[in-house]
Structures are given as C-alpha cells and as structure tokens.
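Structure first, then comments.
The values are calculated or read from the model by the stated rules, or taken from the named source; none is laboratory data. Because the structure is predicted, anything quoted here is derived from the model rather than measured. Every residue, glycine as well, gets a Cβ built from its backbone with ideal geometry; the counts of neighbours run over all protein chains shown. The accessibility values were calculated without ligands, DNA or RNA, using every heavy atom of the protein model including side chains. Shrake-Rupley method; radii C 1.70, N 1.55, O 1.52, S 1.80 Å.
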Amino acid sequence: MSRTTRAQAAAGQLRTDILNGTCLSGERLREMALAARLQVSQSTVREALALLEREGWVVKQPRHGVVVRAFTPAEADDVYRLIGR
C-alpha cells in the first residue's frame, strides 16, 4: 500500500488549481505564499513544484522562479479529455 506524501498532496492541489484556472498560465508560483495557503512547509512546496516540473505542469525560469506553463489549445484539449471534462 503506497501512502501519499505531503508533497504529492500539495502537487495534486496545485494541479487541480491549474486545471480549474485558479493558477493561470504564466503565473509565478511563490513558495512562501503557497506554503501558507496549503498549510505545509516551504520545503514541501519546493518538492511539489519539482514534481509538477517533471510532469510538465510548471517551468522553472532563471531569475523568475517557477511559473505555470502555457498550454497549446491541442494540449489543453488532451488534458481535459484525459480527465474527463
């Protein structure tokens, strides 16, 4: 039985926020603000953002931090089709 870590749970919430439009394409994701909102440590948020970066949801930009990546219309269609919306 696998257990969900706090970082995985935080990444799941951020993934949902991106899908719902709470976090918009190009929006900078600030670790401290996310930690406060998600009620987790800043290191947990850092782990969650690294996970989302590996999955392609966010990108790390030099001198700008982590931002929600832009999706092409075709990519957005694929994502919504995969999650059944």
For segment 60-85, which positions are touching a residue at least 12 places away in the same chain (Cβ under 8 Å) and open to solvent by less than 70 Å² (accessible area, probe 1.4 Å)? G65, V66, V67, V68, R69, A70, F71, V79
Residue, most open to solvent (accessible area, probe 1.4 Å), within segment 5-46, restricted to residues that are touching a residue at least 24 places away in the same chain (Cβ under 8 Å) and basic (K, R): R6
Could you list all residues from segment 25-51 that are among the hydroxyl-bearing types (S, T, Y), part of a loop (DSSP other than H, G, I, E, B) and either in contact with a Ser or Thr (Cβ under 8 Å, 6 or more places away or on another chain) or more than 29 Å from P73 (Cα to Cα) (or both)? S41
Exclusive hit being at pLDDT 90 or above and more than 14 Å from the chain's Cα centre (by Cα), set A7, A36, A11: A36
Of L24, L52, L19, which residue is modelled with pLDDT of 90 or more and in contact with a helix residue (DSSP H, G or I) (Cβ under 8 Å, 6 or more places away or on another chain)? L52
